[in-house]
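Shown next, in structure tokens, is the structure this report addresses.
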Amino acid sequence: MFAAQPAAAADPAGYQTVRINEVTSSNSDTVELYNTGSTAVSVSGWKMSDDSFSPQSFTPSALTIAAGGFVTFNSPKGLGDSDKLVIYTAAGTVVDRVEWATDGAKPAMARCGGDGTGAWVTTTTATTFGAANGSGCPSSIPSASQVRINEVTSDGADTVELYNGGTSAVSIGSWKYVDNDTSHSPVSVASSSPNATKIPAGGYVTFDSAPGLGDNDSLFLTDSSGNSVDSVTWATDGARPSDERCANGTGWFRTSTTATLATANSCSGAGGGGGGGQTGRLLGGGGSLTSGCTPEAPSGTGTAPAGTSAWPGGPDVTITDDVCAFTTSTGPEGRDVSGLAFDPANPSVLWAAKNKNWLYKLVKSNGKWVPDPAWSATGKQIRFAGGSGQPDSEGVTVGGNGHIYVTSERDNANNTVPKDTIMEFDPAASGTTLTPVHQWDMTAQFPQLDTGSKDDANLGFEGVGYVPDSWLTANGWIDPLTHAAYNPANYPLHGAGLFFAGLEWDGTLHVYGLNSDGSFTTFGTVSTGKASVMDVMFDAGTQRIVATCDNTCGETHTFMKVDAAGAIVPDATYTNPAVIPVDNLEGFAIAPKSTCVSGFREAVWSDDGIYGFGSGSSSYGHALYSGTFPC
């Protein structure tokens, strides 16, 4: 097996995340580089070559390329009608390369469908150097360009997987590939083993790399005309056991703990790979904002509580919804996705509440969370008891009876008046509009919110979590009403657990027994140690109640336990992965322990403002982010 030489010490950290993003062989012979990573990368001293001259220095528009940023330069030797471009670090390590046939880069070749990760397409409109490629991309991408390198392994067989994301089969027999050793000649796919000449729509083809694949290596794929199709670069052990695209067929590469050749990528593991380490990457995204979809910039950014620890899960985060996916008749701007909750009885289901009175049952499809078409492809509108009003739905949890419980801060039809309620919905109910089976109104407990201000009215119940009685009793929780060990039998109508509602006003949790006759028992408050609470959940994996706060508290999650005195107190607080945007991330859910793969399970966040990193970024217009959390 060929093993590339280890990168020299002079190679800058994270160079594997820099990709050639656009190139023109017309007039200016301009090249654009894009940084797909989460940290800035120095391009000082980097060089380039084409198909005829040795590496030459170039003058970039900046010596450092920011995370999600662009750098441009003019080729020192010009670029031809049919040519090749290779980018090297100052130490001579290959970073990326692109090839094109006659006039393939006129007016330009650009990555379309996602800067740094999209398919190479010859554009027919003006170039977009220094900015996102979307505006210069054609309305549709040819089928051949939708074939992607989807997974590679440098451990043993050195296997390559291609995935066809198009709607028609593509002939690939005369396509070629090569690694990052510039002395190697490209090898045809058809001559590799096993022999492959065609890849079906939505299908996979795998073959073993003839030159082999090693540490600090790359793979470059060209079509029958010599145009670049796709590429991937990885660091030491990055492709062991494999590097794979997350989500399947889209996004950037990450190191996986298991290979999934010839099938959809599992995206298991904790990063590394194409990103070159544990710095984390934001994967996926892209797409165009639909008409009327208007993201909202975050507000109220504050600091994390003292003693906050780093995120304990993987560093990488994947965008896991379609752009502007949550536009509705009452929220046409697409914002305000808030509470999230995995269904403990069916962990393939994620429930989501949208502030402007909508509830979604989400399932995974091609790596994204999408509305379950069997339940409702557009979500279901919810009302207060009697079928009236527009609940400002914020928090969501699944009760012990399988019903869905949603909190509301106010009625959006009268948004200056608080209406702090918990509503119970039967998910099996028919129709596109749901009304509560029961509704409990706690508004009178919070007179500080009833000032006539819509802002104060909007600081009520932001999250809710169902906590089973079995956990409370097993951990010796002291009932604040009796000052003795909690005995569920004292409250015969409340079911099998209590509900912890998070108050945004002051970060406290309010504990309730919700009775089947419509009454409720108040068990007092619990301090989270934070200024606000945006979501609440009980995690059976860690055996903790989790209180989440968005950028108001530095994007943190406080895990709470029952202490030796029988009180519920903060145990540990964690920040989000460093790569995730600092936005109004109001929803947070951790998948049940039954979903664990190689010591990790999924964690999901929702961005109430769908702002991402702002206009022009791949995350702009998206609400849901997925990462990993330890089992």
Checklist entry - Say each of Thr64 and Thr301 gets a label point 7 Å from the Cα, pointing the same way as Cα to Cβ; how far apart are those two points in nm? => result 1.7
Item to check | q = 0.18 Å⁻¹: log10 I(q)/I(0) that the Debye formula gives for segment 446-581, counting C-alpha atoms only | outcome: -1.02
Checklist outcome for this item: With a Förster distance of 22 angstrom and the Cβ-Cβ distance between Asp343 and Ala264, calculated FRET efficiency to the nearest 0.05 equals 0.50
Checklist entry - At what distance in nm do the modelled label points of Gln448 and Ala540 sit from each other, each positioned 7 Å from its Cα along Cα→Cβ? => result 3.6
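Grab the beta carbon distance between Asp571 and Asp517, set R0 = 25 Å, and tell me the FRET efficiency rounded to 0.05.
On the way: r = 35 Å, r/R0 = 1.40.
Efficiency at R0 = 25 Å is approximately 0.10.
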Next on the checklist: Give the separation of the Cα centroids, segment 531-572 to segment 394-408, in Å.
Outcome noted: 18
Next on the checklist: Would you report the distance distribution of C-alpha pairs in the chain as whole percents per 10 angstrom bin, up to the bin with the largest distance?
Outcome noted: 3, 16, 25, 22, 15, 11, 6, 1, 0
Checklist entry - Quick one: putting +1 on the C-beta of Lys and Arg, -1 on the C-beta of Asp and Glu, what dipole do you get for segment 546-631 around its Cα centre, in Debye to the nearest 20? => result 320
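Can you tell me the accessible area per residue over the chain, all protein chains present, probe 1.4 angstrom, in square angstrom?
35
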Checklist entry - By what distance, in whole Å, do the Cα atoms of segment 331-400 stretch along each of the three principal axes, largest value first? => result 35, 32, 20
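When the chain is fully extended, how far beyond the present Cα-Cα distance does Thr432 get from Asn490, taking 0.36 nm per residue of separation?
Numbers: separation 58, 0.36 × 58 = 20.88 nm, distance 3.81 nm.
Extra length available between Thr432 and Asn490 comes to 17.1 nm.
Restricting to DSSP H runs of at least four residues, report the calculated mean residue ellipticity at 222 nm for the chain, -39500 (n - 2.57) per run over all residues, nearest 500 deg cm²/dmol.
Numbers: 2 runs with 10 residues, N = 631.
Computed mean residue ellipticity for the chain: -500 deg cm²/dmol.
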Item to check | Solvent accessible area, Å² - Asp506, 1.4 Å probe, full protein context | outcome: 60
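Express the carbon and sulfur contribution to the solvent-accessible surface of segment 1-147 as a percent, rounded to the nearest whole number, probe 1.4 angstrom. All intermediate terms of the calculation are to be shown ahead of the outcome.
Values: 2700 of 5580 Å².
With neighbouring chains kept in place, the figure for segment 1-147 is 48 percent.
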Checklist outcome for this item: Eigenvalues of the alpha-carbon gyration tensor of segment 10-130, times 5 and square-rooted, give semi-axes in Å, largest first, of 21, 17, 12
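About its Cα centre, what dipole magnitude does segment 439-530 give when the only charges are +1 on Lys and Arg Cβ and -1 on Asp and Glu Cβ, stated in debye to the nearest 20? Intermediate results must be reported in sequence, preceding the final value.
Details: 2 positive and 10 negative charges, 46 e Å.
In total the dipole reaches around 220 debye.
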Next on the checklist: Placing unit charges on C-beta atoms (Lys and Arg positive, Asp and Glu negative, everything else neutral), compute the dipole magnitude of the chain about its Cα centre in debye, rounded to 20.
Outcome noted: 640
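By DSSP, what percent of the beta bridges with both residues in the chain are antiparallel, rounded to the nearest 5?
Working: 143 of 148 bridges.
Roughly 95 percent of the DSSP beta bridges within the chain come out antiparallel.
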Item to check | Farthest positive-ward along segment 72-160 dipole, Cα basis, beta-carbon charges - from Trp100, Ser154, Ser135 | outcome: Ser135
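Work out how much length Ser52 to Ala564 would gain on full extension: take 0.36 nm times their residue separation and subtract the Cα-Cα distance, in nm to one decimal. Show your work: numbers first, answer last.
Numbers: separation 512, 0.36 × 512 = 184.32 nm, distance 7.40 nm.
In short, 176.9 nm is gained.
The values are calculated or read from the model by the stated rules, or taken from the named source; none is laboratory data. Nothing here was measured: the structure is a model prediction, and the numbers come from that model. In this analysis, Cβ positions are derived from the backbone assuming ideal geometry, glycine residues included, and neighbour counts consider all displayed protein chains. Heavy atoms of the whole protein, side chains included, go into the accessibility calculation; ligands, DNA and RNA do not. Shrake-Rupley method; radii C 1.70, N 1.55, O 1.52, S 1.80 Å.
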